[in-house]
Amino acid sequence: MQDFLELAVSAAASGCIYGLIALAYLLMIRPTGIINFAVGEWAMVGAFGGYLLLSKFEWPYPLGMAAVLVFMLGVGWLTERIAVRPLVERGAPLLAPILALLGMLVVFREAISVSFPPDPHPVPYALGIQHQSFFIIAVTSVVFIGVWLFFERSVAGKSFEAVAIHRRAAALMGINLSRVTALSFAGGAGAAGLAGLLVSPNVSAHYLMGVPLAIQGFTALVIGGVGRVEGALLGGLLLAFAEQLTVRYAPIPAGYAQGVPLLLLMMFLLVRPTGLLRAK
Amino acid sequence: MTSLLRWLGAALLLAGAAFLLSDYHNDVYRKLLLWVTLALSYNFLFGICGQIAFSHFAFYGIGAYSVVIFLFQFHLPFPLAILLGIALCILFALAVAIPSTRLEGFYLALATLALAQLFIVVLNEGGAVTGGPGGLANYKLPEILGTRIRGPWYTAVIVLLLLGTLAVLWRLDCSWFGRACRAVRDNPEAAAAMGVDVARTKVIAFTLTSALAGIAGMVYAFVDNTVNPPIFGLDNAFLLLFMVIVGGAGRHAGAILGAALLFLLPFVLSPLIGHHHVLVFGGLVVVAILLQPRGLVGLYDAIRRHP
């Protein structure tokens, strides 16, 4: 029982990480339709921000965390400015910004790999090793409650929803499309960077950590459904429990647990392509 | 008749070059030819049919690994090993492509990203069958009719592979299937209204190009006579995509140009910036999409139109 409780807490914590990455995808897909593969790389940048500020310069944790968050919002905004806005303004097909963001993914990863030595970089725990899981769960809950309130209760959030439902109609109602897009990218980078910072004490910051996170986050998004914010968290939790239970109880090598997201992804695409939660 | 002569001339020219090169340059030349082959088939999938997939290089790996494993671990006869390898590629391709067509958008990209990642995991965890992280080595191309193809003659085999791939894709591109693929890329709704089965076209294009990548992988297995996981990693999958984008997606000439440029660029850049050429490639792709979405071929067209 003790064993199972520990497993549940650790699965819930990694589920929160996947949920944050899925949220990052969702924030950008909903209003723009753009799947941004670079979210995993953003998480990696967030983790390296944590290494630099918290391990190297030894800033206090809350200050360092806030600085990383602000920095990531800037990174997201800048990415949108460089790789998305010129293409959207030109009326290029949707594929163009997605490919440009793929180029940015490589730029992010290689820029980090050039600037830091290739070995893993340690990032300190927020409150100590035994409390990290609870810290992750608490921060993720705050983020999701905040985002949910933003979409449900604020006019700005409603304008995001309007853009998601019908871009042209929203623009005709006087909603500033480019501001919504910029904000959605900044928010996506913030969520992804936070996920990277939270997961990094357990796995250490490494320049190759992005792609697995991007795959897991996306699987969580497909499980939960693209339509609702809660879906991202639900999908993340389900994926993490499936993964950890497989590693713990199934008689296969631990490396194969990386196959769980792929199998779940295929299963959901076949059986329930809209995800568990439908859009309202 | 003239077109047949043209193919023959190209084959003689490309294969003849191999006999003039030193051993080292022959090796570089072979890999260049293989990259061009892969870029051509990937261009059909991405440029002509409009699907983003990251599994092309994984299928190259599945082809290479399967032929080596069937031949030297299970000791099957050579033709059977090749057929089983192709069947395996087709099976995996169908398993990924059919669920991915269920939703609009770019679900294939993520499903194939997951597949490519899983492939590396299976290679590393495969124990004696896949050789684990060290891969498989110390095998030789089996003798065919009492002779073993080696040296420049093997380069000639790769030239045949390249021209065969190009011929297949060329014929397809000119057929109704090629036009259906372009229609699916440009406007799926209109294509469906014209009677094109969008999902089936996508699945067939994905399966076919993946099988072509698998065949190229089988040829690759005997170039270095070793297969190991790092060769088939995601980096190369991205590189392949970048080759097609920089060269000019949707055009065979673009794929050839992009593959040649991005394959040869590191040889020029290495003395200047060391091993950071991937950073340059990433920047190059962003610049290409922002400034000239039709790639180098598009640039050439623009210059020719307004000299």
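Selection within region A:116-137: residues that are hydrophobic (A, V, I, L, M, F, W, C) and assigned to a helix (DSSP H, G or I). The member of this set that is farthest from the other protein chains (Cβ to nearest Cβ) is A:Phe134.
Take the conditions (1) within 13 Å of chain A (Cβ to nearest Cβ); (2) within 23 Å of B:Pro188 (Cα to Cα); B:Phe44 misses just one of them, which is (1). Taken over region B:97-108, the criterion of being in a helix (DSSP H, G or I), at the interface with chain A (Cβ under 7 Å from one of its Cβ atoms) and surrounded by fewer than 24 Cβ atoms within 10 Å (Cβ to Cβ) is satisfied by B:Pro99, B:Tyr107. Looking across B:Leu94, B:Leu34, one residue alone is assigned to a helix (DSSP H, G or I) and either under 16 Å from the mean Cα position of the chain (by Cα) or on the phi > 0 side of the Ramachandran plot (or both). It is B:Leu34. In region A:124-135 there is no residue matching the filter, namely being modelled with pLDDT of 85 or more and of a type in the set (A, V, I, L, M). The number of residues in region B:213-224 being of a type outside the set (A, V, I, L, M), within 17 Å of B:Gly135 (Cβ to Cβ) and either out of contact with any Asp or Glu (no Cβ under 9 Å at 6 or more places or on another chain) or within 12 Å of chain A (Cβ to nearest Cβ) (or both) comes to 3. Considering region B:230-307, the qualifying helices (runs of 4 or more DSSP H), each wholly inside and each with 3 or more residues that are more than 13 Å from chain A (Cβ to nearest Cβ), run over B:252-273, B:295-305.
For A:Val68, the conditions (1) buried (at least 22 other Cβ atoms within 10 Å of the Cβ); (2) touching a Leu at 6+ places or on another chain (Cβ under 9 Å); (3) closer than 29 Å to A:Ala171 by Cα are fulfilled apart from (3). Per the conditions (1) buried (at least 18 other Cβ atoms within 10 Å of the Cβ); (2) within 23 Å of A:Tyr61 (Cβ to Cβ), the sole criterion not satisfied by A:Phe108 is (2). Pairs are defined by a Cβ separation below 7 Å, a sequence spacing of at least 6 or placement on different chains, a first member in region B:140-151 that is touching a residue at least 60 places away in the same chain (Cβ under 8 Å), and a second member that is polar (S, T, N, Q) and part of a loop (DSSP other than H, G, I, E, B); the pairs so defined are B:Lys140/B:Asn225.
Check whether at least one residue in region B:192-210 is surrounded by fewer than 16 Cβ atoms within 10 Å (Cβ to Cβ) and within 30 Å of B:Leu12 (Cα to Cα), and report yes or no. Looking through region B:192-210, none of the residues is surrounded by fewer than 16 Cβ atoms within 10 Å (Cβ to Cβ) and within 30 Å of B:Leu12 (Cα to Cα).
Among the conditions (1) in contact with a Leu (Cβ under 8 Å, 6 or more places away or on another chain); (2) crowded, with 17+ Cβ neighbours inside 10 Å, B:Leu136 misses just one, which is (1).
Condition first: under 26 Å from B:Ala116 (Cβ atoms), in contact with an Asp or Glu (Cβ under 8 Å, 6 or more places away or on another chain) and of a type outside the set (Gly, Ala, Ser). Now tell me which residues in region B:239-298 satisfy that. B:His252, B:His276, B:Val278, B:Leu279, listed by residue number. The numbered conditions (1) closer than 23 Å to A:Gly15 by Cα; (2) modelled with pLDDT of 90 or more; (3) aromatic (Phe, Trp, Tyr) are all true for A:Phe71 except (1). Total residues in region B:179-229 satisfying the condition of being assigned to a helix (DSSP H, G or I) and closer than 27 Å to B:Ile62 by Cβ: the figure is 28. For region B:215-229, indicate whether the set of residues that are aromatic (Phe, Trp, Tyr), under 17 Å from the mean Cα position of the chain (by Cα) and outside the structural domain of B:Trp170 (by TED's automatic domain parsing) is non-empty. No - not one qualifying residue is present in region B:215-229. If you go through region A:241-274 and pick out every residue that is in contact (Cβ under 8 Å) with a residue 24 or more places away in the chain, of a type in the set (Phe, Trp, Tyr) and more than 10 Å from chain B (Cβ to nearest Cβ), you end up with 1. Every condition in (1) within 13 Å of chain A (Cβ to nearest Cβ); (2) touching a residue at least 60 places away in the same chain (Cβ under 8 Å); (3) hydrophobic (A, V, I, L, M, F, W, C); (4) crowded, with 20+ Cβ neighbours inside 10 Å is met by B:Val227 except one, and the failing one is (1). Every condition in (1) more than 14 Å from chain B (Cβ to nearest Cβ); (2) of a type outside the set (A, V, I, L, M); (3) in a helix (DSSP H, G or I) holds for A:Ser113 except the one numbered (1).
Looking only at region B:111-130, decide whether some residue is more than 14 Å from A:Met266 (Cβ to Cβ), part of a loop (DSSP other than H, G, I, E, B), within 14 Å of another protein chain (Cβ to nearest Cβ) and within 19 Å of the chain's Cα centre (by Cα). No, there is no match, as no residue in region B:111-130 is more than 14 Å from A:Met266 (Cβ to Cβ), part of a loop (DSSP other than H, G, I, E, B), within 14 Å of another protein chain (Cβ to nearest Cβ) and within 19 Å of the chain's Cα centre (by Cα). When A:Leu172 is tested against the conditions (1) closer than 29 Å to A:Gly15 by Cβ; (2) of a type in the set (A, V, I, L, M); (3) surrounded by fewer than 19 Cβ atoms within 10 Å (Cβ to Cβ), the lone failure is (1).
The listed residues are B:Leu264, B:Leu240, and the only one of them that is under 16 Å from B:Ile62 (Cβ atoms) and outside the structural domain of B:Asp27 (by TED's automatic domain parsing) turns out to be B:Leu240.
Residue-by-condition table, conditions (1) closer than 28 Å to B:Ile289 by Cα; (2) surrounded by fewer than 17 Cβ atoms within 10 Å (Cβ to Cβ); (3) in contact (Cβ under 8 Å) with a residue 24 or more places away in the chain:
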site: A:Ser14; (1), (2), (3): no, no, yes
site: A:Leu23; (1), (2), (3): yes, no, yes
site: A:Ala47; (1), (2), (3): no, no, yes
site: A:Leu63; (1), (2), (3): no, yes, no
site: A:Gly76; (1), (2), (3): yes, no, yes
site: A:Glu80; (1), (2), (3): yes, no, yes
site: A:Pro93; (1), (2), (3): yes, yes, no
site: A:Ala96; (1), (2), (3): yes, no, no
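Within region B:53-81, the set of residues being crowded, with 20+ Cβ neighbours inside 10 Å and either assigned by TED's automatic domain parsing to the domain that holds B:Leu240 or outside any helix (DSSP H, G or I) (or both) comprises B:Ala53, B:Phe54, B:Ser55.
Evaluation of A:Ala100 against the conditions (1) of a type in the set (Gly, Ala, Ser); (2) more than 11 Å from chain B (Cβ to nearest Cβ); (3) within 27 Å of A:Thr32 (Cα to Cα) shows that the sole unmet condition is (2). The set of residues in region A:167-196 being of a type in the set (Ser, Thr, Tyr) and modelled with pLDDT of 90 or more consists of A:Thr181, A:Ser184. Out of curiosity, is A:Leu239 part of a helix (DSSP H, G or I) and in contact with a Ser or Thr (Cβ under 8 Å, 6 or more places away or on another chain)? Yes: the conditions hold for A:Leu239.
The residues in region B:5-31 that are loosely packed, with under 15 Cβ neighbours inside 10 Å and not in a helix (DSSP H, G or I) can be counted, and the count is 1. Scan (1) part of a loop (DSSP other than H, G, I, E, B); (2) at pLDDT 95 or above for the single condition A:Asn36 breaks and write down its number. It is condition (2) that A:Asn36 fails.
The values are calculated or read from the model by the stated rules, or taken from the named source; none is laboratory data. Since the model is a prediction, treat every value here as computed from it, not as a measurement. Here Cβ is always computed from backbone atoms with ideal geometry, including for glycine, and neighbour counts include all displayed protein chains.
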